[in-house]
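To start, the structure itself, in structure tokens.
The values are calculated or read from the model by the stated rules, or taken from the named source; none is laboratory data. What you see is a predicted model; the values in this text were computed from it and never measured. In this analysis, Cβ positions are derived from the backbone assuming ideal geometry, glycine residues included, and neighbour counts consider all displayed protein chains.
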Amino acid sequence: MINVFQPTLGKEELARLEKVFASNWIGKGKLVDEFEATFAKHLGSTPQKVLTTNCCSEGLFSSMHLCDVNPGDEVILPTISFVGAGNAVCANGSKMVLCDVDKRTLNARAEDIEKCITKKTKAILLLHFGGIPCEMDEIMALAKAYNLKVIEDCAAGVCSTYKGQALGTFGDMGMWSFDAMKILVCGDGAALHFRDEELRERASKWLYFGLETKSGYENSVAQKWWEFDISCFGHRAIMNDVTAAIALEQYKKLPMYMEKRAAVHAFYNENLKDISWLDLPIEIPQDCTSSYYFYHIQAKNGKRDLLAKYLRENNIYTTYRYYPLHRVPGYGVTGEFPNADYAADNTLCLPMHQSLSENDLALIVEKIKEFDKKYC
Ligand SMILES: Cc1ncc(COP(=O)(O)O)c(C=O)c1O
């Protein structure tokens, strides 16, 4: 089966892990610091604004507390969002207010968001769909005009930029996932970016029990190092030197991954462009870069499900992301979301990863063309 997403891991990660094992320290340590510094540089930011955690979902949940979103406050998010975003808002006792999205990019636009703003709106929880940048100038202007917090779910946008600035660094808080299905993977892990260093400080305590002091050797011997105080009732959600070791090696390979993914994107564009019932992804604006996390097509002939089934029967796995939250009965949200409904019913994510071979790509295109002949 050709996978829809797939990590690429090699001997470099294993070699680094061997060193971690030999060091006798597999917890949070120097490698986590090194990864935070490396990733901060990658974002064009500073380590004082970047913090790692155990997963991006933790970032979503914690963003509610860290951005002072209170129970009863309203949070606007696109209905096409990751389930963890919806859960983060609801678990906080806040009101999830869903907005529609652009039909083709699946990103929320400023106009979609503005329609949902009320006096109770506290924050916008934005998703950059597959790392394709949202229109940040317009959205940030809106946030400023209405004094709203902006939280960017940039889970898949590890190399995405908007007008030269890393995605995820516009809002009060941004986050990237390094889980098993992402581009830079480490098993589980995530990075958080904060606009203010002070918030990063608060977050670092919040993500470690609210402890005022560090533990173990890092504590001063001037005091009894087993005594402690807390500043809040925080979580325990940290990366460790095992995951950081993998992430550091993966980071070195990012340029190679991006090159490969861009080539896959270009290959699909070129080879699927003549299929009249297919809409291909909108080209990324010149002043933006994508991470090419998804390659999503849209079947204008209503045959998306049939196509997915046909490809799967031919050992090609595809999927659709993200099931709209307004269709999840558990959230109990009603409303009209025509663009999101169109997207959810017609969009298909084709295999997109850096390990796809020429043969894989040729087969995928061949099978889509075969489907075209048989069923369209
Ligand atoms: C858009 C989006 N946000 C957040 C997450 C959560 O990431 P993690 O698995 O690191 O918790 C995911 C995971 O798939 C995602 O796709």
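Condition check ((1) touching a residue at least 40 places away in the same chain (Cβ under 8 Å); (2) closer than 28 Å to Ala91 by Cα; (3) outside the structural domain of Lys149 (by TED's automatic domain parsing)) across all residues:
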residue	(1), (2), (3)
Asn3	yes, no, yes
Val20	yes, no, no
Thr38	yes, no, no
Gly44	yes, no, no
Cys55	yes, yes, no
Leu66	yes, yes, no
Asn70	yes, yes, no
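Of all residues in the stretch 65-98, those that are surrounded by fewer than 24 Cβ atoms within 10 Å (Cβ to Cβ), of a type outside the set (Gly, Ala, Ser) and outside any loop (DSSP other than H, G, I, E, B) total 9. For the stretch 40-50, which residues satisfy the criterion of being touching a His at 6+ places or on another chain (Cβ under 9 Å) and in a helix (DSSP H, G or I)? Residues satisfying the conditions are Ala40, Leu43, Lys49.
A single member of Ser276, Ser291, Ser355 is part of a loop (DSSP other than H, G, I, E, B) and within 16 Å of the ligand (Cβ to nearest atom), and it is Ser291. The set of residues in the stretch 201-211 that are part of a helix (DSSP H, G or I) and surrounded by fewer than 21 Cβ atoms within 10 Å (Cβ to Cβ) comprises Glu201, Arg202, Ser204, Lys205. Quick one: would you say Thr46 is more than 13 Å from the ligand (Cβ to nearest atom), surrounded by fewer than 15 Cβ atoms within 10 Å (Cβ to Cβ) and not aliphatic (A, V, I, L, M)? Yes, satisfied. Taken together, Ala244, Ala266 contain a single residue that is within 30 Å of Thr105 (Cβ to Cβ) and either surrounded by 13 or more Cβ atoms within 10 Å (Cβ to Cβ) or not assigned by TED's automatic domain parsing to the domain that holds Leu77 (or both), which is Ala266. Among the residues of the stretch 169-191, those that are in contact (Cβ under 8 Å) with a residue 60 or more places away in the chain and more than 11 Å from the ligand (Cβ to nearest atom) comprise Thr169, Asp172, Met173, Ile183, Leu184.
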